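The next block holds one structure in the form of structure tokens; read it before the comments.
The values are calculated or read from the model by the stated rules, or taken from the named source; none is laboratory data. Please read all numbers here as calculations on a predicted model, not as lab measurements. Ideal geometry is used to build each Cβ from the backbone, glycine not excepted, and the neighbour counts take in all protein chains shown. Note: areas computed on protein heavy atoms with side chains; ligands, DNA, RNA excluded. Shrake-Rupley method; radii C 1.70, N 1.55, O 1.52, S 1.80 Å.
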Amino acid sequence: MKTIQWFPGHMAKAMRMMGENLSLADGVIFVLDARCPASSFNPKLKGLAGGKPVLYVLAKGDLADRQADALADIIRKSGAPVIKTNALNSGSRRDITGAIGKLVAQKREKALERGYNRTFRFMVAGVPNTGKSTLINLLAGSRRAETGDKAGVTRGKQWIRVENFELMDTPGTMPPAFENQTFAARLAFVGSINDDILDLDDIALLLLAELSQKYPERLSERYAIDGGTPLEMLDKVCEKRGFKLRGNEYDYGRGVRAVLDDFRKGKLGRITLDGADDLNGLEF
Ligand SMILES: Nc1nc2c(ncn2[C@@H]2O[C@H](COP(=O)(O)OP(=O)(O)O)[C@@H](O)[C@H]2O)c(=O)[nH]1
Ligand SMILES: [Mg+2]
């Protein structure tokens, strides 16, 4: 399999822009994918935040299972505030604004004591497609930030007012080098790396291999997969879904898309790919 290596120029530019604007921010909200919070953590971005208060939002909680709560607990125990959300459910709005408010509660109190009520600002950052813009729209109560289910939808910078604070949406940024190819593969599975630059056949086979280890029953339910090599599993997908070409050969292209789409849309059920071990060595 090809090594996943992806740090395009626009991401370098985004990192620079964020570095420059951070002096205006009182804190950073890091949006991680609840299905893979370790893989979607970018140590470089955390470094950019310096000593500013940080809130971790584990987004897409509706697509992750209870393992994500265990991971959230571990991160929380390391001292960082964490909140798991489902941005498609407006019920989580209060929880999120409450958690953001807590980040600057002391600062706000001090400011009020001195007789002024200023607006606090937070940068919303993370790898592409984790739901940053959707989160901002949920909080703002309208479609202010542009969203889309692929990497690289948000380009420019924008400050958006939410109650008595302001949020800055930012374009997704990747770690400049993937030292950990397991993390890179998981980011590809969840759609944080632009599909256009990936070998999707490789990615789907890797996903089948990982799911057969962790969630074999899901593969059995949806595709009647009962073990085998990743390629044999892809055969089963094509068989079950009737993806055949003329001459009765399997249409692997459609099989590959089906596996990725089913996973990304939650049709294989709630799944968390990262385990507790994956958090080892990460400084949240
Ligand atoms: N299921 C689910 N989908 C979400 C959630 N938040 C965002 N999405 C979807 O994920 C995709 C990427 O969202 P977007 O906000 O553009 O991500 P960004 O690149 O981080 O700004 C969109 O298709 C959203 O509808 C969530 O909590 N649950
Ligand atoms: Mg965006």
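Remarks
- Antiparallel content of DSSP bridges confined to the chain, in %, to 5: 25
- Solvent-free Debye calculation, one equal scatterer per alpha-carbon of region 67-207: log10 I(q)/I(0) at 0.09 Å⁻¹ equals -0.35.
- Per residue accessible area of the chain, 1.4 Å probe, in Å²: 47
- Here the Gaussian network model covers the chain, with springs between Cα atoms less than 10 Å apart; of 93, 222, 35, 222 fluctuates the most.
- The Rg/Rh ratio of region 214-275, with both radii computed over alpha carbons and Rh defined as the Kirkwood radius, is 0.99.
- Full extension of the chain between residue 117 and residue 70 yields a length gain of 13.2 nm, computed as 0.36 nm times the residue separation minus the alpha carbon distance.
- Modelled label positions at residue 179 and residue 240, each set 7 Å beyond Cα in the direction of Cβ, lie 3.8 nm from each other.
- If you run the Gaussian network model on the chain, springs between alpha carbon atoms under 10 Å, then out of 86, 164, 129 the most flexible one is 164.
- Within straight-line reach of residue 240, meaning a Cα separation under 20 Å, sit the following lysines at least 8 residues removed in sequence or on another chain: 265, 267.
- The alpha carbon centroids of region 61-126 and region 230-284 are separated by 33 Å.
- Amide hydrogen neighbours beyond the local backbone of residue 55, cut-off 5 Å, H modeled: 28, 29, 30
- Once the C-beta distance of residue 146 and residue 248 is scaled by a Förster radius of 30 Å, the resulting FRET efficiency is 0.10 to the nearest 0.05.
- These residues, 250, 116, 215, go from largest to smallest accessible area, 1.4 Å probe, as 116, 250, 215.
- A cut-off under 9 angstrom between Cβ atoms defines the neighbours of residue 271, and their net charge, with Lys, Arg +1 and Asp, Glu -1, is +3.
- For residue 40, the amide hydrogen comes within under 5 Å of the amide hydrogens of 33, counting only partners 5 or more places away or on other chains and with H modelled in the peptide plane.
- Couplings 3J(HN,Hα) of region 167-176, computed from phi: 10, 10, 6, 9, x, x, 10, 9, x, x Hz, in residue order, whole Hz [Karplus 6.51 cos²θ - 1.76 cosθ + 1.60, θ = phi - 60°; x for Gly and Pro].
- Taking the DSSP beta bridges with both ends in region 9-177, the antiparallel portion is around 20 percent.
- Among the protein heavy atoms of the chain, carbon and sulfur supply 47% of the accessible surface, probe 1.4 Å, non-protein parts ignored.
- For residue 166, residues with placed amide H under 5 Å, excluding near neighbours: 120, 121, 122
- Dividing the summed helix terms, -39500 (n - 2.57) for each DSSP H run of n ≥ 4, by the number of residues in the chain produces a 222 nm estimate of -12500 deg cm²/dmol to the nearest 500.
- Hull volume in cubic angstrom per residue (convex hull over the Cα atoms of the chain): 132
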